[in-house]
Amino acid sequence: VQLQASGGGLVQPGGSLRLSCAASGFTFDNYVIGWFRQAPGKEREFVGAFRWSDTVTRYADSAKGRFAISRDNAKNTLYLQMNSLKPEDTAVYYCAARSNSALFSSPGRYEHWGQGTQVTVSS
């Protein structure tokens with residue numbers, strides 16, 4: 001079971017990025033996939049979660065209205081569309097998967113993790 005997050009980069013405040021989370025060795029069908037981020041010196045925090053079986057999503061308050069999770073079934077890939085980015089969104093972003101159907105926000109509830117992708121929001 002492997003996850004790979006990609007799509008990070010440098011973007012100006014107010015800009016957009018789309019992150020991808022690809023799975024290898026398994027399909028997302030029976031998983032909840034979470035997005036998390038970790039800024040330097042801070043704890044890893046929840047961004048959003050997506051249940052593949054019925055597309056139910058859950059977002060952190062900081063992400064509501066700006067970020068959106070979507071999927072591509074054929075590519076077995078999940079996306080995090082981030083709009084109206086702010087400097088405080090700067091962090092390493094991770095995707096993670098759990099095999100239970102609950103959309104937990106705690107990182108400890110997720111069994112499988114990708115390697116992270118850096119997002120920097122700066123002018």
- Task: List every residue whose amide H lies under 5 Å from the amide H of residue 85, counting only residues 5 or more places away in sequence or on a different chain, with H placed 1.01 Å from N in the peptide plane.
- Result: 14, 15
- Query: Taking all protein chains as present, what is the carbon and sulfur share of the accessible area of the chain, in % to the nearest whole number, probe 1.4 Å?
  - Reply: 44
- Query: What percent do you get for the relative contact order of the chain when only Cα pairs under 8 Å and 6+ apart count?
  - Reply: 37
- Between 26, 104, 46, which gets the highest mean-square fluctuation from a Gaussian network model of the chain, Cα cutoff 10 Å? 26
- Please give the FRET efficiency for residue 24 paired with residue 60, using the beta carbon to beta carbon distance and R0 = 25 Å, rounded to the nearest 0.05. 0.40
- Item | Theoretical FRET efficiency, 1/(1+(r/R0)^6), r = Cβ-Cβ of residue 120 and residue 72, R0 30 Å, to 0.05 | 0.75
- Query: How far is the Cα center of the range 10-41 from the Cα center of the range 93-123, in Å?
  - Reply: 7
- Query: Tell me, what is the per residue accessible area of the range 41-94 in Å², probe radius 1.4 Å?
  - Reply: 52
- Given the options 29, 89, 72, which has the most mean-square fluctuation in a GNM of the chain, springs set between C-alpha atoms less than 10 angstrom apart? 72
- Efficiency by 1/(1 + (r/R0)^6): what FRET value for residue 12 and residue 39, r their Cβ-Cβ distance, R0 = 22 Å, to the nearest 0.05? 0.75
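The values are calculated or read from the model by the stated rules, or taken from the named source; none is laboratory data. Small disclaimer: the values here were computed from a predicted structure and weren't measured. When we count neighbours, we look across all protein chains shown, and the Cβ atoms used for this are built from the backbone with ideal geometry, even at glycine. Ligands, DNA and RNA are excluded from the accessible area calculation, which covers all protein heavy atoms including side chains. Shrake-Rupley method; radii C 1.70, N 1.55, O 1.52, S 1.80 Å.
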